[in-house]
Every structure is written in C-alpha cells, then in structure tokens.
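For reference, the structure discussed in these notes is given below.
The values are calculated or read from the model by the stated rules, or taken from the named source; none is laboratory data. Bear in mind the structure is a predicted one, so any value in this text is a computation, not a measurement. Methodologically, a virtual Cβ is constructed for each residue, glycine included, from the backbone with ideal geometry; neighbour enumeration extends over all protein chains shown.
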C-alpha cells in the first residue's frame, strides 16, 4: 500500500483517485473542491485534508490544479526531499515545477483522461515512468516520452479528443435533422464510434490506424467518399494547424 495525495480534486483527479483507492492505496485528497472530495470520501473511503496535510501524509503527490493558479497554491506548501511528485498540469514546465516543489527532486508529468478509471488510458510519462508504471499498469499503459518537448506534443493530440467529439456532435445533429429523432441519432453516432474504437487492437505499429482506415475506405465505397470529402475540404490542414498552434503554446 502506497500513501498517495492529490492537490486539486476536480474532474481529472477524481477518476485517478477512484482507480488508486480501489487498488488498496491510502489516498488523501485536498479540500479545494469540497463536494468532489466528500463524494470520494463517501464512495472510496479516502481522507480529506488541507493541502499541507495532504503533503505531510503522502509519499507520492499528484498536482491537479489549473496551471494559472498552481504557483500561488503550491508556493506556500512545504515539500519534502523524499516526495515523489506527479504533475498533470498542461503548460507548467519542469523547471517551474522544480522551483515550486523544492526540495522535492523526483518530479514527473503525465496526461490522464477520465477513463483511466476503467483502464486502457495511455499515460505519457516524462522524464521518468517508474512511479506511473507502479501505480497504473497493467490496466493503463505507460508510455515513456523522450523529452519535455515531445511530451507537450502529446498534450496537443490529447486536445484533439474534444475535437473528435465536436465532429460527432455535428454528425449526430445532421442525422437528427434527416430523421427527426435526435435521441436515436445521438445514440447511434455514439455507439457507432465507441464500438468501432473498442474493437481496435490495443497495440500495433505505426501503420495501425492507416491500415484500419484503408480497410474501410476502399474504392467505390461511401467511406472513401467521406474521407476524400474531408480531405478536399481542408479538414486535415485545419487539424494540423490546430495541433501546431497548441504545440507552440506549450513549448517549454
């Protein structure tokens, strides 16, 4: 059993808390989000405490704050040199984390999503992956990333997820307009993509996604008409532009 603390208890932290508590770890969460903290206490028996008490009773500390308030919240806390710190905060570079978490030196970063609780969530890790592997594998694959710049590009692709959902909303809305049944349109669109993605192999080489696309979008099919239409309409260029802009924003 490992003693784990969470500074910040919002929609990113809560699934990790539930995952770790259900595996027998002793978890203490901060009282910043009182409603979520008390809900986690009721459902998973975690402790709720002030930020400093969270640090004092934890071996591993997850920082799950909004980046623009992180320095103000953390700077007044007393870390130990023995603390292992994991940040999930986009745009807060390692050099700043080292300053505000001193004298703690074992600092790593990752990018969790809500389904980490169910398993199958890839967790990029930088610069070290040992703490994350010990806590989240084998249910969630931990992917060690070469350096901080490469890690930030994973944040950019992670931001692509709501973009995909936005496209799904557009498709669902179009189907609802054609059929007059918004609920069924949403259910069909959701299950169509969820079922397909669930059936994809969890591991594969660099060509896995392209191979799956090409298996569907064969000559003369509606699938090829769709992929060609999106490409000719500039969808791919727009995606690359958005990814590049986010990557630029996150440069350390």
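Looking at 82, 72, which is the one that is over 19 Å from the mean Cα position of the chain (by Cα), assigned to a loop (DSSP other than H, G, I, E, B) and either on the phi > 0 side of the Ramachandran plot or in the same structural domain as residue 132 (by TED's automatic domain parsing) (or both)? Give the steps one after another, and end with the answer.
Values: 72 fails: assigned to a loop (DSSP other than H, G, I, E, B).
On inspection, the qualifying residue turns out to be 82.
Could we say that residue 95 is closer than 30 Å to residue 146 by Cα and in contact (Cβ under 8 Å) with a residue 60 or more places away in the chain here? Give the derivation first.
Values: closer than 30 Å to residue 146 by Cα: yes; in contact (Cβ under 8 Å) with a residue 60 or more places away in the chain: yes.
For residue 95, the condition - closer than 30 Å to residue 146 by Cα and in contact (Cβ under 8 Å) with a residue 60 or more places away in the chain - is met.
Could you check the range 8-22 and list, in sequence order, the residues that are more than 17 Å from residue 57 (Cα to Cα) and either outside any loop (DSSP other than H, G, I, E, B) or free of Cβ contacts under 8 Å to residues at least 40 places away in the same chain (or both)?
As a first pass, look at the range 8-22 and keep what is more than 17 Å from residue 57 (Cα to Cα): 10-16, 18-19, 22.
13, 14, 15, 16, 18, 19, 22, listed by residue number.
The rows are residues; the columns are (1) under 22 Å from residue 107 (Cα atoms); (2) in a loop (DSSP other than H, G, I, E, B).
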| position | (1), (2) |
| --- | --- |
| 1 | yes, yes |
| 27 | yes, no |
| 37 | no, no |
| 40 | no, no |
| 53 | yes, no |
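Please count how many residues of the range 145-173 are buried (at least 16 other Cβ atoms within 10 Å of the Cβ) and under 21 Å from residue 95 (Cα atoms).
Here the count works out to 8.
Pairs under 7 Å by beta carbon, first residue in a helix (DSSP H, G or I) in the range 171-200, partner exposed (fewer than 14 other Cβ atoms within 10 Å of the Cβ), six or more apart or different chains?
176/182; 185/179
Inside the range 101-142, can you point out the residues that are buried (at least 20 other Cβ atoms within 10 Å of the Cβ), free of Cβ contacts under 8 Å to residues at least 60 places away in the same chain and either part of a helix (DSSP H, G or I) or on the phi > 0 side of the Ramachandran plot (or both)?
132
Those residues that are at pLDDT 95 or above and surrounded by fewer than 14 Cβ atoms within 10 Å (Cβ to Cβ), I need them from the range 53-77; list them, please.
Result: no residue meets the conditions.
Pick out the one residue from 203, 218 that is under 27 Å from residue 90 (Cβ atoms) and surrounded by fewer than 13 Cβ atoms within 10 Å (Cβ to Cβ). It would help to see each step written out before you state the result.
Working: 218 fails: under 27 Å from residue 90 (Cβ atoms).
Result: 203 is the single residue among 203, 218 that is under 27 Å from residue 90 (Cβ atoms) and surrounded by fewer than 13 Cβ atoms within 10 Å (Cβ to Cβ).
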